[in-house]
Amino acid sequence: MRKIYRYRELSYQVDDTTEVNFTVDFISDGNLGKTVIYQPHLGNPEIENSGTVSIGTGAQLRGRITIVITEVTNLNPNEDEIRIAYQLNDEFLVEHHNLKSEEDNPTIVLFIKFPTP
């Protein structure tokens, strides 16, 4: 069974009219996976491996918790860790890190709020 790593109480202040871009960066060599951004009112954008996707404006995101789930695996036998960085509008949000000896197929869950600046 996969180990789940949860990152709660994440927040990003954004103006109502500002478009928000979500970026996932698979840092470790050999990382493969999929990230889904759950937003029932806006759709559920997906990112294969590393990439960036628009998730809406500040006004659309406010008042709800955006849930991001990444399922990753690392098949590189020469890599001993899994490292993934997350950003909103090119600003650091959080970085996940775990040793493959702890879990080589982790699920990472982010809970993000978008308060008014």
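The values are calculated or read from the model by the stated rules, or taken from the named source; none is laboratory data. Please read these numbers as outputs of a predicted model, since none were measured by experiment. Because the Cβ atoms are built from the backbone with ideal geometry, glycine has one as well, and the counts that use them run over all protein chains shown. What goes into the accessible areas is simple: the full protein's heavy atoms, side chains included, and nothing from ligands, DNA or RNA. Shrake-Rupley method; radii C 1.70, N 1.55, O 1.52, S 1.80 Å.
Taken together, the residues in region 83-113 that are more than 18 Å from Val36 (Cα to Cα) and either touching an Asp or Glu at 6+ places or on another chain (Cβ under 6 Å) or open to solvent by less than 30 Å² (accessible area, probe 1.4 Å) (or both) amount to 4. Considering only region 72-89, I want to know if a residue exists there that is among the small types (Gly, Ala, Ser) and either under 22 Å from Pro117 (Cα atoms) or in a loop (DSSP other than H, G, I, E, B) (or both). No, region 72-89 has no match at all.
Assess whether Leu42 counts as being modelled with pLDDT under 95 and either open to solvent by less than 30 Å² (accessible area, probe 1.4 Å) or of a type in the set (A, V, I, L, M, F, W, C) (or both). Yes.
The residues of region 81-94 that are under 9 Å from the mean Cα position of the chain (by Cα) and farther than 16 Å from Val14 by Cα, listed by number, are Ile84, Ala85, Tyr86, Val94.
Residue by residue, here is whether (1) closer than 17 Å to His96 by Cα; (2) open to solvent by 60 Å² or more (accessible area, probe 1.4 Å); (3) modelled with pLDDT of 95 or more holds:
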site: Ile4; (1), (2), (3): yes, yes, yes
site: Gln13; (1), (2), (3): no, yes, yes
site: Asp25; (1), (2), (3): yes, yes, yes
site: Asp29; (1), (2), (3): yes, yes, no
site: Ile47; (1), (2), (3): yes, no, yes
site: Ile55; (1), (2), (3): no, no, yes
site: Arg62; (1), (2), (3): no, no, no
site: Asn74; (1), (2), (3): yes, no, no
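Does region 104-113 include one or more residues that are in a loop (DSSP other than H, G, I, E, B) and within 12 Å of Tyr12 (Cβ to Cβ)? No, there is no match, as no residue in region 104-113 is in a loop (DSSP other than H, G, I, E, B) and within 12 Å of Tyr12 (Cβ to Cβ).
Those residues that are closer than 17 Å to Pro106 by Cα and out of contact with any strand residue (DSSP E or B) (no Cβ under 7 Å at 6 or more places or on another chain), I need them from region 1-42; list them, please. Met1, Lys3, Asp29, listed by residue number. Given the criteria farther than 15 Å from Lys113 by Cβ, among the β-branched types (Val, Ile, Thr), at pLDDT 95 or above and surrounded by 15 or more Cβ atoms within 10 Å (Cβ to Cβ), does Ile37 qualify? No: the conditions fail for Ile37.
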